[in-house]
Structure formats: C-alpha cells, structure tokens
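Notes follow once the structure below has been shown.
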Amino acid sequence: MLKMMLSEMKRQATEALSVKADARALWFAEWAKLFLAAYDADRPVVYTSFYAFPMEILHSCDVAPFDFELGASMLLTLPVGADLMGQAEALGYSPDICSFHRASVASFYRDYFPKPELLITTSFYCGGKSRTSEILSRLYGKPGRLLSVPQEITTESIRYVSGQLRQIAKTVAELTGKSFDEERLKEAVTSSNRARASHLALLDLLGHRPAPWGGNQLVNYSIFSRMFDGSPVLADLHEAFIDKLKARIEGGTLRQERHRVFWYAWAPTYKNAVFETLTRHGVSVPVCETFLVHWDEIDEQHPFEGLAIRCLKDPFIGGVDRRTALLDKTIDQFGIDGAILFATPACRHSKGNWEIMRQAARKRGIPLLVLDMDIADPRAYGEEQIRTRLEGFIEMLDGRTDVKPVCGGDHEND
Amino acid sequence: MPTTKDILFTCSYLPEEIVTAAGFRPVRVVSSARPSEADTALHPATCPYIRAVYAAAARRDGAAAAGIVIVNSCDGMRRLADALAALPDGPPAVFLDVPHKKDEPAVDLFADGLGRFAGQLEHELGGAPVTPEALELAIGRHNVRRRKIAEVFGLLSDGALSGSAVFGLLRNAAQDTLGAADGRIDALIASARPGGTAGGKRIVVSANVLDRPDLVEMIESAGGSVVALDSCTGARHYEGLVTEGAADPMRAVAERYLTRPPCGRMEGIGDRIDWLVALAKTTRADGVILTTVKYCDAWLYDLPQVTEGLTAAGVGVLSLENDYEWSGAGQIKTRTEAFLETPGKGGR
C-alpha cells in the first residue's frame, strides 16, 4: 500500500514538474524517489531515523535508506490508520505508546515496508523509536545498531559518538561488499554545509511579514527534508523554495496576517482542522522548532566528529532549556506573539515539561497553548474541541493590545 | 525522613557505591505523594512514579536531603530532572547520564561520567572526595549486602521465606543505612523456615517500580508463592558484584552497572527475555506476572516480545498495568486469582 502511495505521489509530482518548475513538486518527487528506491531490490535497504541519524553516512554508501516511522506516518494519512492501531493493540502493544510506532509494527505484519538488511536507530528523538527499531530488527531477523548519544557535549562524548558512527559506517559499507569511503563522506558533508547556508537563507525569508510560507507544510518539510542530509538534493530543494518564497514576496499578494505563532514539535497526520482554523483567523506559523538550524557548519576534514557534534547539539537531547532557548531566539527575528506546543500523548520527551515551556514563553510575554491531540491515531480526535481550544487561544492573542497585526493580501501562502 | 547525609535517588542505575564513598547514604525515593499532584508541572501522560517523585519534592518531603540524583532512565526522567531544577525549594538536583549500551566504549564513557559525578557530589553537594580507597571500601560494603540479598533470594525461591517478608526487606533496604539494612537482612535469614511457604503456584513477579506490596500479598492470599522479585529494588538491583581490587575501581563500578540484568531502558530486548526465562527456570516458576507502571515506554514496548519469549519457554505470563498507587487493586486481584487458578503452568 505504501509503495502504491509513493508511486502515485511520484507520478503526480513528475507530471506537475513537466508543466512548470515548482518547489513543492520537486520535494515530493525527490521524496517519493528516495522511498521507492528502497522497494527496488538492487541495493541493500537500511532502516534509520532520517531526522536524527546522520544521513550523510548512508548517502556515502550505495544503500537505500528507509524510515519506518515516516513511512507509517504516510500510511496514517489514509483511513487505514485506525485499522493499524487496532491491529497493533491486538498484538499486545499498549495504546499508551506512540501511535507512529504502533502503526510501524502493524505495517510489518501487513508487509507494507521494504525488507531491511540492517536497522540503525538513535537513542534520541526518541526512546520509543529506538525500541521500535529493535522490535522490528527482531521481527525481520536482521541486525540492529544503536547510536547512543549522551546528554552533554564533552571531549569524551564526542569521541564516543564519533566512534559509534565510524563503526556503523563500516557496517553499512560491508552490506555493499565495499570498504567505507571517507572521501565520499566528506563530499556528503560539503553538500550538507551548502544546504545549511540555503537553509539559513530560507529561514531569513520566513521572517518576512506577512509570512510567505509556513504552517503544516513547513512542519512536514522540516522533518521530511532531513532525509536528504548529505545529498546535493537538499540544497537544490532549499533553493527552489527560496525562489518560490521570493516570488511570493515580490508578488505582494501574501495572505493577511494577524498573529505569528511558533510551533513546537510535530503535526497530526490525519485530516484535521488545526491549520485551517489558524489560517482562517489570520494566524501564521512562520517558524517551527524542527526547522531551526541548531548546528554549526560541519567540519569537512573531520566528518565523523563533526556529525557527532551535530547529534550532540540536537535540541531534543539535554535539558528543556535547549528548546525554550529556540523560542527565545526567534521571537524578535520572526515577530512571534504566540506559541503552540503540539502535545501528542506518548511523546514524553517533547511534552513532559509543558509548564516550564509555558513559563519560559510567559517571561517573554508570549502565551503558549498546549494542544493535546494524538499525532496519528484519529480515533480520539474531536474536531469541535480542537477548534474551540484554538479559537480560545486566538481570542487571547487578539486581546493583547501590545501587538500590532500585520496586513497583507489574500494569497494562499502555504 | 531524609537528612542532610542522604542523597535521594530514583533509579537502580545510580551507583550507590559512589554515593556511599562520598559519605552519604543513598535513599531510594518512595513517594507517598499522589502523582496527580504533579499534573500542573508535568504532563499527566507521564509515568506516575515520576509525577509522584515531583509531587513529593514540591511539598518538600525530601527538603532536608543533601540532594537528589536523577538518572537518565528514560525521556520522562529527563523531564523530571528539568522540573526539579526549576522547583524553587526542592533539594539540589544532579543529573546522571547512563549509556544505553554495555560494550567497552560505553563502559569507558560511563566511568568517565562517574568520575565527574563523584566530583559533583563533592563540590556541589558537600560530600567527601571519592578517593580510590573510599570507593574500594564502599564497593566491598555494597557487595556484602548483595551477597546477603542473594542468600535471601535463594531462601525465597526455596519457600523458606515469604514474598511479603522479602518485599518488606527490600523496600526498607532501599532506604536504610548499610548497617541497619545488614541487620534486617541477617534477622530475616535467621527467621527462614525451610519449606515454610512452599505450595501453590510458584510465581516470579517482574516489575519496574514496585513500591507497594499489594501484588505480592494478592498472590500469597490466593494461595500462590512468590519465588522471585525482579524489580528496580529487587533481583535486578542486586544481581552481580562489582569487581573488588580492580586497578580502576570507578571503571569496575561502571562495568557492573551496565552489564547486570537489564531494565528496558538498555538496548537488548533479547537480554531481558533471557534473564527472565533463566530466572523462571532457576526458581522453577509456574508463571511470571509482569507489572508495569502506566506510561513506562521502556516496558510497554517490550511487553509483547517478552511475553512471547516467556511463553515459548513454557512459562505462563500475566501482564498487569498499575498506576503506582495501585488504585485498581480490585480488578488486579481478580485477574491475579484467575491466573493462579489456571490449571498446570499459569497461562495467558
């Protein structure tokens, strides 16, 4: 089913690109291409966490990467989502664990995913995913590798993480019958650094009032684009979006905007009223935490150490202050007057400290809405309740007399 | 009540030897506060033990302690560390990171981290310097306790001690001074009656946090015998000694903690299954009752495969979820009794 979905996605995106160049179509085309490569049997398939594990390593080898969680998230946009939940629960997986991971396990039993030769996972972002990877490793009967990343950046932790990355790189290369080529990794890191520069330029554009882009699409792009880390595709994608956003800004037809909200964490996969409600009330989401650049340029001469440092600096490692600092940095640059924490129940690392996050936002005069809503299980979704909560939050933003709304045109800018 | 000589802790991966060597008494937090009291600070869909620990700290239950150590047991504990650090009147909180693997590089990293942890005990919490000599002495003392507890577990398995008595001992030992705990252990061993509690279904209780005796009492009142207590304060906590006389005692401590029977926070579902199957076999158990506090991802993810592994080994399994307060005791009792009544080995 996932393969069919990806094939259709590729077909539509390719067709759109044949008519005119479009950043979104390019993104979808490349996304479908990368995932579909895992279904072709010509290269070993390696499962990993696209947004956490350094993809530069996989792009340096002739393997086909696949992320079971992101694959499951795509399936969960379809009505099959509720069935997948039910099947996982019937197998003994608690409804209290992440719905993405329940869906991933159920997808194994339905043979929705390509078969891996190796499963790589990370201790961060999150513990549940690393456990699911181990479960799948045992179900597939294939070896797993854990990248365990400590909570602090020290000389020892950099050595520890880079050592693991070297070992994992060697293991991945062995799947192809070759030695790991560190020169290819250096090229991949060079690609990533080029993409980083474009990424920062894209973020600058998102600071424009009114926002030329944002919302659900931005949140998805922030996570799904990480699959291209280390590939020349990523800089190309960022550049394509830069061109698109510049055209929108120059066109002068951006949508009227009354508030600008910082988005914490992820977005629900099933049909829902969240972003439609925000848009209808003139609330933009011009920036999300997963799209911020938390790393410096990676040392191209010492790529393993450089990638280890990027992992260690991830905001989802260490204390919650790493995350509250992100909001702090963006308030002025992006003209933020509110924040939303998407609190899917099983995401303990993301929503656990809601009160600290609320207090940190309050110190900067920003109200924070904690939006309790499952990321992928549609069964408990109550549309009217969610609308009511969002509208209440928006009224709170409207009631603040110290914030001036920004006006613009009526263009659809998501 | 904790005193200024106490270091509170919440996870069995805290190396107690280091705390002892720094001149403190390690005291496991058993919270009488209700988890719901923490819901304004920590999300309600967070482990109830974590919330109960926060609630206790918020009402200053452990205010007199020198400090509290939060181990990176899980994502939830990491958030507890943040929440405690933000509590204005709580005891000073120290965060201890623990690797998720047990290979040599992980042991090296952990040993390095433990060295810095010892420094924190000294410089931030007012402890004594943890010299190699002090650490070696502490290792010896804690190993003595572990050997005594191993004897207790043997007597439990033989039916010479009741599960309730052993549970009470373990709970006290988690908070006693080494001397007082040793005294209680010796007294319990002396009270053992060979064949005294034999009879009925032989049950291994495997749990994460188990601070209340409800389940053990239910099993015994239904005519069963608890033959092993595998929990954060039970068999997993005491299994395995630290190598004494090692050239690097800090590394020896790191190695023991990372390589002993794992909790679900460590890599290796297979290792957990092997440990439980071996435990069931050596204690000749008819069944294993697995009980987890709600929202414990480290346990919930593994449950189906652990259950499958035990069942494949011919061991009956019952899974129970609890809310730390055991407020659903009536329903749990019914299920436990039904499990014990299943003919032959207790089955699913």
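Name the single residue, out of those in the stretch B:169-199 being open to solvent by 50 Å² or more (accessible area, probe 1.4 Å) and in contact with a strand residue (DSSP E or B) (Cβ under 6 Å, 6 or more places away or on another chain), that is modelled with the highest pLDDT.
B:175
Results for (1) within 14 Å of chain A (Cβ to nearest Cβ); (2) not acidic (Asp, Glu), shown as yes or no for each residue.
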{"position": "B:82", "(1), (2)": "yes, no"}
{"position": "B:90", "(1), (2)": "yes, yes"}
{"position": "B:93", "(1), (2)": "yes, yes"}
{"position": "B:100", "(1), (2)": "yes, yes"}
{"position": "B:122", "(1), (2)": "no, no"}
{"position": "B:134", "(1), (2)": "no, yes"}
{"position": "B:147", "(1), (2)": "no, yes"}
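Among the residues of the stretch A:115-133, are any surrounded by fewer than 21 Cβ atoms within 10 Å (Cβ to Cβ), touching a residue at least 12 places away in the same chain (Cβ under 8 Å) and of a type in the set (Phe, Trp, Tyr)?
The initial filter retains those residues of the stretch A:115-133 that are surrounded by fewer than 21 Cβ atoms within 10 Å (Cβ to Cβ), namely A:115, A:117.
Checking the rest, the ones that are also touching a residue at least 12 places away in the same chain (Cβ under 8 Å) come to A:115, A:117.
So of that shortlist, the ones also of a type in the set (Phe, Trp, Tyr) come out as none.
There is no residue in the stretch A:115-133 that is surrounded by fewer than 21 Cβ atoms within 10 Å (Cβ to Cβ), touching a residue at least 12 places away in the same chain (Cβ under 8 Å) and of a type in the set (Phe, Trp, Tyr).
Got a number for residues in the stretch B:295-306 being open to solvent by 10 Å² or more (accessible area, probe 1.4 Å) and either under 10 Å from residue B:276 (Cβ atoms) or over 21 Å from the mean Cα position of the chain (by Cα) (or both)?
Let us first name the residues in the stretch B:295-306 that are open to solvent by 10 Å² or more (accessible area, probe 1.4 Å), namely B:295-298, B:303-305.
The next check asks that each one be either under 10 Å from residue B:276 (Cβ atoms) or over 21 Å from the mean Cα position of the chain (by Cα) (or both); those that pass are B:304-305.
Going through the stretch B:295-306 one residue at a time, the tally reaches 2.
Which one of these is more than 19 Å from residue A:150 (Cβ to Cβ), open to solvent by 40 Å² or more (accessible area, probe 1.4 Å) and among the β-branched types (Val, Ile, Thr): B:46, B:4?
B:4
Could you list, in sequence order, the residues of the stretch B:133-157 that are surrounded by fewer than 17 Cβ atoms within 10 Å (Cβ to Cβ) and more than 20 Å from residue B:21 (Cβ to Cβ)?
If the condition is that a residue be surrounded by fewer than 17 Cβ atoms within 10 Å (Cβ to Cβ) and more than 20 Å from residue B:21 (Cβ to Cβ), then B:150, B:151, B:154 are the ones that fit.
Yes or no: residue A:171 in a helix (DSSP H, G or I), under 28 Å from residue B:107 (Cα atoms) and open to solvent by less than 10 Å² (accessible area, probe 1.4 Å)?
Numbers: in a helix (DSSP H, G or I): yes; under 28 Å from residue B:107 (Cα atoms): yes; open to solvent by less than 10 Å² (accessible area, probe 1.4 Å): no.
The answer is no for residue A:171.
With the requirement that a residue be open to solvent by 10 Å² or more (accessible area, probe 1.4 Å) and under 16 Å from the mean Cα position of the chain (by Cα), what does the stretch A:35-51 give you?
Listed by number, the list holds a single entry, A:51.
Would you tally the residues in the stretch B:227-285 being touching a strand residue (DSSP E or B) at 6+ places or on another chain (Cβ under 7 Å), over 26 Å from residue A:150 (Cα atoms) and surrounded by 18 or more Cβ atoms within 10 Å (Cβ to Cβ)?
Of the residues in the stretch B:227-285, the ones touching a strand residue (DSSP E or B) at 6+ places or on another chain (Cβ under 7 Å) are B:227-231, B:233, B:235-236, B:267, B:276, B:279-280, B:283-285.
Filter once more, keeping what is over 26 Å from residue A:150 (Cα atoms): B:227-230, B:235, B:276, B:279-280, B:283-285.
Checking the rest, the ones that are also surrounded by 18 or more Cβ atoms within 10 Å (Cβ to Cβ) come to B:227-230, B:235, B:276, B:279-280, B:283, B:285.
The qualifying residues number 10.
Please go through the stretch A:131-158 and pick out each residue that is part of a loop (DSSP other than H, G, I, E, B), at the interface with chain B (Cβ under 9 Å from one of its Cβ atoms) and within 16 Å of residue B:117 (Cα to Cα).
Of everything in the stretch A:131-158, those that are part of a loop (DSSP other than H, G, I, E, B), at the interface with chain B (Cβ under 9 Å from one of its Cβ atoms) and within 16 Å of residue B:117 (Cα to Cα) turn out to be A:150, A:151, A:152, A:154.
Give the residue that is farthest from the other protein chains (Cβ to nearest Cβ), with candidates limited to residues of the stretch A:62-92 that are assigned to a loop (DSSP other than H, G, I, E, B) and open to solvent by 10 Å² or more (accessible area, probe 1.4 Å).
Among residues in the stretch A:62-92 that are assigned to a loop (DSSP other than H, G, I, E, B) and open to solvent by 10 Å² or more (accessible area, probe 1.4 Å), the one farthest from the other protein chains (Cβ to nearest Cβ) is A:62.
Scan the stretch A:365-383 and give yes if some residue there is without any contact (Cβ under 8 Å) to a residue 12 or more places away in the chain, more than 14 Å from chain B (Cβ to nearest Cβ) and either over 24 Å from residue A:211 (Cα atoms) or touching a Cys at 6+ places or on another chain (Cβ under 9 Å) (or both), otherwise no. Full working, then the answer.
Of all residues in the stretch A:365-383, those without any contact (Cβ under 8 Å) to a residue 12 or more places away in the chain come to A:380, A:382.
Checking which are more than 14 Å from chain B (Cβ to nearest Cβ) leaves us with A:382.
Still in the running and either over 24 Å from residue A:211 (Cα atoms) or touching a Cys at 6+ places or on another chain (Cβ under 9 Å) (or both): A:382.
Yes - at least one qualifying residue is present in the stretch A:365-383.
Counting residues that are in contact (Cβ under 8 Å) with a residue 60 or more places away in the chain, in contact with an Asp or Glu (Cβ under 8 Å, 6 or more places away or on another chain) and away from chain A (no Cβ under 14 Å), which helices (runs of 4 or more DSSP H) fully inside the stretch B:248-348 reach at least 1?
B:249-259, B:269-282, B:329-341
For the structure I just gave you, tell me whether residue B:53 is within 14 Å of chain A (Cβ to nearest Cβ) and open to solvent by less than 20 Å² (accessible area, probe 1.4 Å). Steps first, please.
On the way: within 14 Å of chain A (Cβ to nearest Cβ): yes; open to solvent by less than 20 Å² (accessible area, probe 1.4 Å): yes.
Yes, satisfied.
Which of the residues spanning the stretch A:93-113 are open to solvent by 10 Å² or more (accessible area, probe 1.4 Å), in contact (Cβ under 8 Å) with a residue 24 or more places away in the chain and farther than 28 Å from residue B:294 by Cα?
Scanning the stretch A:93-113 gives A:110, A:112.
Tell me the residue from A:311, A:347 that is hydrophobic (A, V, I, L, M, F, W, C) and either more than 10 Å from chain B (Cβ to nearest Cβ) or open to solvent by 30 Å² or more (accessible area, probe 1.4 Å) (or both), please.
A:311
All but one of (1) open to solvent by 10 Å² or more (accessible area, probe 1.4 Å); (2) more than 21 Å from residue B:177 (Cβ to Cβ); (3) part of a loop (DSSP other than H, G, I, E, B); (4) in contact with a helix residue (DSSP H, G or I) (Cβ under 9 Å, 6 or more places away or on another chain) hold for residue B:109, so report the exception by its number.
Tallying (1) open to solvent by 10 Å² or more (accessible area, probe 1.4 Å); (2) more than 21 Å from residue B:177 (Cβ to Cβ); (3) part of a loop (DSSP other than H, G, I, E, B); (4) in contact with a helix residue (DSSP H, G or I) (Cβ under 9 Å, 6 or more places away or on another chain), residue B:109 fails exactly one: (3).
Can you name the residue in the stretch A:140-152 that is surrounded by fewer than 16 Cβ atoms within 10 Å (Cβ to Cβ) and in contact (Cβ under 8 Å) with a residue 24 or more places away in the chain and, of all such residues, is farthest from residue A:308 (Cα to Cα)?
Among residues in the stretch A:140-152 that are surrounded by fewer than 16 Cβ atoms within 10 Å (Cβ to Cβ) and in contact (Cβ under 8 Å) with a residue 24 or more places away in the chain, the one farthest from residue A:308 (Cα to Cα) is A:143.
Since residue A:358 meets every condition but one in (1) away from every other protein chain (no Cβ under 14 Å); (2) assigned to a helix (DSSP H, G or I); (3) open to solvent by 10 Å² or more (accessible area, probe 1.4 Å); (4) touching a strand residue (DSSP E or B) at 6+ places or on another chain (Cβ under 7 Å), which condition does it not meet?
Residue A:358 satisfies all of (1) away from every other protein chain (no Cβ under 14 Å); (2) assigned to a helix (DSSP H, G or I); (3) open to solvent by 10 Å² or more (accessible area, probe 1.4 Å); (4) touching a strand residue (DSSP E or B) at 6+ places or on another chain (Cβ under 7 Å) except (1).
Within the stretch B:212-242, can you find the residues that are assigned to a helix (DSSP H, G or I) and either closer than 21 Å to residue B:144 by Cβ or under 17 Å from the mean Cα position of the chain (by Cα) (or both)?
Within the stretch B:212-242, B:214, B:215, B:216, B:235, B:236, B:237, B:238 meet the criteria.
Regarding the stretch A:203-225, can at least one residue be identified that is within 14 Å of another protein chain (Cβ to nearest Cβ), farther than 28 Å from residue B:109 by Cβ, open to solvent by 10 Å² or more (accessible area, probe 1.4 Å) and among the aromatic types (Phe, Trp, Tyr)?
no
Return the total of residues in the stretch B:59-106 being open to solvent by 20 Å² or more (accessible area, probe 1.4 Å), of a type outside the set (Phe, Trp, Tyr) and in contact with a helix residue (DSSP H, G or I) (Cβ under 7 Å, 6 or more places away or on another chain).
10
Looking only at the stretch B:28-53, how many residues end up being outside any loop (DSSP other than H, G, I, E, B), in contact with a Ser or Thr (Cβ under 9 Å, 6 or more places away or on another chain) and of a type outside the set (Lys, Arg)?
Residues in the stretch B:28-53 being outside any loop (DSSP other than H, G, I, E, B), in contact with a Ser or Thr (Cβ under 9 Å, 6 or more places away or on another chain) and of a type outside the set (Lys, Arg): 7 in total.
Among the numbered criteria (1) under 21 Å from residue B:182 (Cβ atoms); (2) within 14 Å of another protein chain (Cβ to nearest Cβ), which single criterion is violated by residue B:115?
With respect to (1) under 21 Å from residue B:182 (Cβ atoms); (2) within 14 Å of another protein chain (Cβ to nearest Cβ), residue B:115 is out only on (1).
Return a yes/no flag: does the stretch B:79-99 have any residue that is touching a residue at least 40 places away in the same chain (Cβ under 8 Å) and in a helix (DSSP H, G or I).
yes
The values are calculated or read from the model by the stated rules, or taken from the named source; none is laboratory data. Predicted model only: the values in this text are computed from it and were never measured. With ideal geometry, Cβ positions are generated from the backbone for all residues, glycine too; neighbour counts draw on all protein chains shown. Protein only, heavy atoms only, side chains kept; ligands, DNA and RNA dropped before computing areas. Shrake-Rupley method; radii C 1.70, N 1.55, O 1.52, S 1.80 Å.
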